[in-house]
Amino acid sequence: MSIKQSEIKRITTNTLQSMKQHGEKISMLTAYDFSMAGIFDEAGIDVILVGDSASNVMAGHETTLPITLDQMIYHAQSVIRACQRCLVIVDLPFGSYQGNSKEALNSSIRIMKEAGAHGIKLEGGEEVCESIKRITGAGVPVMGHLGLTPQSIYKFGTYAVRAKEEEEAEILLHNARALENAGCFSLVLEKIPASLGAEVSAQLKIPVIGIGAGMHVDGQVLVMHDMLGLTKDFSPRFLRRYLNLHEEITGATKKYIQDIKSKDFPNESEQY
Ligand code: KIV
């Protein structure tokens, strides 16, 4: 380890816990490759999620279902190589953990060993608690995910806000407590009413990180393509765009093409 590396204080699951206790909000972004992960890490992001949203934004699939464990490991390896400070959590993809707890443990171990990840995330409530106990029992930190869980999109049939009715909100609260009791170190809540996000965060000791779960949870996560404005036809209410890269990149690409066609590029000083 170089001196520089040893001087950097790494974010751990304990750091996130202490941030919740001290009221410091947690920042989390998705990343899928070396270059972007390096920029986010240097900028000071607390957590990078190698999300299975890679299936959508990197591979162009309509849902998160098609991405494989091998493909997730490839993305995670690239991200991990770039990160010196932040905590890197990797999604278990659809089909790599739902079968039984042994399968869930084996998939988690592959992610930890082959990618060098710091923990895994999986979707679901009570039904995945046995797997969570087994995975955490092997020393692997687990982040839960409730609310809109994209791996179950064919069960929901829609990407609409979840748990608006009291009955579903009660089930979500019950599942959140079950995930904490099973050993999750943190929980993602996606697209639920802000009042429910606040209640879950108040009831749980572990940090709750929201995406469309309001301002009262313990941290926020966005998909990097949405946050940077690379996606242009996706505008849910919870999304704040910090750049409009789709427009910027389109403009730069058009200018590049034009410069080549007009023989402006390369010029005298851009050749050997
Ligand atoms: O895969 C993903 O990007 C996620 C976030 C939306 C939380 O799970």
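The values are calculated or read from the model by the stated rules, or taken from the named source; none is laboratory data. Just so you know, these numbers come straight off a predicted model, no measurement behind them. Counting neighbours? That spans all protein chains shown, and the Cβs are built from the backbone with ideal geometry, glycine included. Protein only, heavy atoms only, side chains kept; ligands, DNA and RNA dropped before computing areas. Shrake-Rupley method; radii C 1.70, N 1.55, O 1.52, S 1.80 Å.
Backbone amide hydrogens, once placed in the peptide plane, bring Gly119 within less than 5 Å of Val90, excluding anything fewer than 5 places away on its chain. Evaluating 6.51 cos²θ - 1.76 cosθ + 1.60 at θ = phi - 60° for every residue in the stretch 155-171, the Karplus couplings come out as 7, 6, x, 7, 9, 5, 4, 9, 6, 7, 8, 4, 4, 5, 5, 5, 5 Hz, glycine and proline recorded as x. Converting phi to 3J(HN,Hα) with the Karplus coefficients 6.51, -1.76 and 1.60 and the offset θ = phi - 60°, the stretch 42-58 yields 5, 6, x, 4, 7, 9, 10, 9, 7, x, 6, 4, 3, 4, 7, 7, 9 Hz in sequence order, with x at every glycine or proline. Along the stretch 188-196 the Karplus relation, 6.51 cos²θ - 1.76 cosθ + 1.60 evaluated at θ = phi - 60°, assigns HN-Hα couplings of 9, 10, 10, 6, 9, x, 4, 5, 6 Hz to successive residues, with x for each Gly and Pro. Note that the chain shows a convex hull volume over its alpha carbon atoms of 159 Å³ per residue. Remark: the stretch 39-108 carries a charge dipole of roughly 160 debye about the Cα centre, counting +1 on each Lys and Arg Cβ and -1 on each Asp and Glu Cβ. All other residues whose Cβ lies under 12 angstrom from that of Met58 are scored, Lys and Arg at +1 and Asp and Glu at -1, for a net of -2.
Label positions at Ala202 and Lys9, each projected 7 Å from the Cα along the C-beta direction, are separated by 3.1 nm. The GluC sites (Glu not before Pro) of the stretch 107-173 that DSSP puts in a loop, and whose beta carbon has at most 11 other beta carbons within 10 Å, are Glu165. Rolling a 1.4 angstrom probe over the protein heavy atoms with all chains in place gives the chain an accessible area of 53 Å² per residue.
Across Ser195, Ser107, the residue with the most accessible area heads the list, and the full order at a 1.4 Å probe is Ser195, Ser107.
Extension gain for Glu114 to Phe265 (0.36 nm times residue separation, less C-alpha to C-alpha distance): 50.0 nm. With the whole protein complex present, Met215 retains an accessible surface near 140 Å², based on a 1.4 Å probe.
Taking Cα centre as origin and charging only the Cβ of basic (Lys, Arg, +1) and acidic (Asp, Glu, -1) residues, the dipole magnitude of the chain rounds to 440 debye. Listed by chain and number, the lysines whose alpha-carbon sits under 29 Å from that of Lys133, ignoring those within fewer than 8 places in the same chain, are Lys9, Lys20, Lys25, Lys102, Lys113, Lys121, Lys155, Lys191, Lys205.
Can you compute the helix-only [θ] at 222 nm over the chain? Use -39500 (n - 2.57) per DSSP H run of at least 4 residues, normalise by all residues, nearest 500 deg cm²/dmol. Don't skip to the answer; put the middle values down first.
Numbers: 12 runs with 114 residues, N = 272.
One gets -12000 deg cm²/dmol as the mean residue ellipticity at 222 nm.
Centre-to-centre, using Cα atoms only, the stretch 104-124 and the stretch 11-45 are separated by 18 Å. Of the trypsin sites (Lys or Arg not before Pro) in the stretch 150-236, the ones in a loop by DSSP (not H, G, I, E or B) with at most 15 other beta carbons within 10 Å are Lys164, Lys205, Lys232.
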